[in-house]
1. Consider Met1 against the criteria (1) surrounded by fewer than 20 Cβ atoms within 10 Å (Cβ to Cβ); (2) at pLDDT below 95; (3) closer than 17 Å to Ile233 by Cα; (4) not acidic (Asp, Glu): it satisfies all of them except one. Which criterion is unmet?
2. Would you pick out the residues in region 117-150 that are touching a Leu at 6+ places or on another chain (Cβ under 7 Å) and aromatic (Phe, Trp, Tyr)?
3. Hey, does region 121-132 have a residue that's more than 16 Å from the chain's Cα centre (by Cα) and hydroxyl-bearing (Ser, Thr, Tyr)?
4. Within region 74-120, which residues are touching a His at 6+ places or on another chain (Cβ under 9 Å), at pLDDT below 95 and hydrophobic (A, V, I, L, M, F, W, C)?
5. For the structure I just gave you, tell me whether Ile82 is under 22 Å from Leu187 (Cβ atoms), in a helix (DSSP H, G or I) and not charged (D, E, K, R).
6. What residue, among those in region 164-210 that are more than 18 Å from the chain's Cα centre (by Cα) and among the charged types (D, E, K, R), is surrounded by the most Cβ atoms within 10 Å (Cβ to Cβ)?
7. Pick from Met76, Met109, Met123: which is farther than 16 Å from Ile10 by Cβ and buried (at least 16 other Cβ atoms within 10 Å of the Cβ)?
8. Tally time: how many residues in region 104-129 are touching a residue at least 24 places away in the same chain (Cβ under 8 Å), out of contact with any helix residue (DSSP H, G or I) (no Cβ under 9 Å at 6 or more places or on another chain) and over 24 Å from Leu20 (Cα atoms)?
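The values are calculated or read from the model by the stated rules, or taken from the named source; none is laboratory data. These figures come from a predicted structure and were not determined experimentally. All Cβ positions, glycine included, derive from the backbone under ideal geometry; neighbour counts span all protein chains shown.
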Amino acid sequence: MNLYEKKWSIKKETIWFPALPEYLSGLRILHISDVHACLYRSQDVAVELLNNAVLEPFDLCVLTGDLILNAPIEFMPFMPVIKKISKKSPVVYVQGNHETLFFNDMKKMLGHIGVFTPDNERMLLDCAYGKISVIGTRDYNHLEKTRFHGLGSLLRKNDNRFNLIISHQPQIFRYIEEKCFKLGIILSGHTHGGQIRLPYMPTLYSPNQGFFPEYGDGAYYGKHNAMYVSKGIGSTYFPFRVFNKPEVTVVRLRKYRY
């Protein structure tokens with residue numbers, strides 16, 4: 001038995017989606033979120049988890065923000081494993097609320113190892129299954145402050161194609177559903193699954209959503225879109241996770257047939 005098996009999990013999740021293009025059915029996405037690397041904490045478990053995640057089969061990797069807690073230098077111990085991942089598949093990163101002030105630094109640092117860093121942008125990426133449209137947004141706090149400036153027009157220019165939307169905070173799901181945008185599948189993090197949980201209970205608390213949040217963790221299905229919210233790996237200034245293992249997810253996309 002691996003020493004860390006009881007301390008972390010690599011979760012397998014399937015998202016069934018009727019509008020998924022046939023050629024993307026089966027695509028596996030390695031979803032990493034909320035590492036919260038911090039210089040004054042041991043990172044052994046998190047590094048071990050990511051090194052084991054590299055051994056999983058996947059076709060695309062997304063980093064849904066909050067890789068750091070206070071400063072970009074904190075993520076340096078993780079750069080070798082992200083470089084390994086980038087040699088295996090395309091990697092896409094979007095900012096979290098802890099990186100709003102450091103986004104340019106993070107883009108530069110990750111860009112040196114081949115990571116894509118869309119900033120309220122759409123890009124077409126080549127993966128093992130063909131081309132996939134990926135939309136990366138800024139953090140939801142920034143979007144709210146700017147009244148979603150530019151985001152609506154970006155999402156309207158959809159051309160009826162399927163999109164993978166990467167956005168740190170899951171509240172973006174409500175915005176997309178209320179605007180009736182038929183986009184695709186959203187991958188988010190931020191909530192830590194509550195960080196402190198009770199057995200067999202849903203997420204109790206999430207920053208920016210409060211107690212018993214609308215979007216806590218796991219899969220959500222709307223009228224037009226679907227979303228997966230990761231519990232993430234790390235913790236913030238309260239450095240404990242209770243009944244809540246650090247999580248990396250391999251999300252598999254499947255076309256749902258009526």
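1. (3)
2. Scanning region 117-150 gives a single hit, Tyr129.
3. Within region 121-132 (the criterion being more than 16 Å from the chain's Cα centre (by Cα) and hydroxyl-bearing (Ser, Thr, Tyr)), the answer is yes, since at least one residue qualifies.
4. Result: no residue meets the conditions.
5. Numbers: under 22 Å from Leu187 (Cβ atoms): yes; in a helix (DSSP H, G or I): yes; not charged (D, E, K, R): yes.
So Ile82 fits the description; yes.
6. Arg197
7. Values: Met76 fails: buried (at least 16 other Cβ atoms within 10 Å of the Cβ); Met123 fails: buried (at least 16 other Cβ atoms within 10 Å of the Cβ).
When all the criteria are applied, what remains is Met109.
8. Final tally of qualifying residues: 0.
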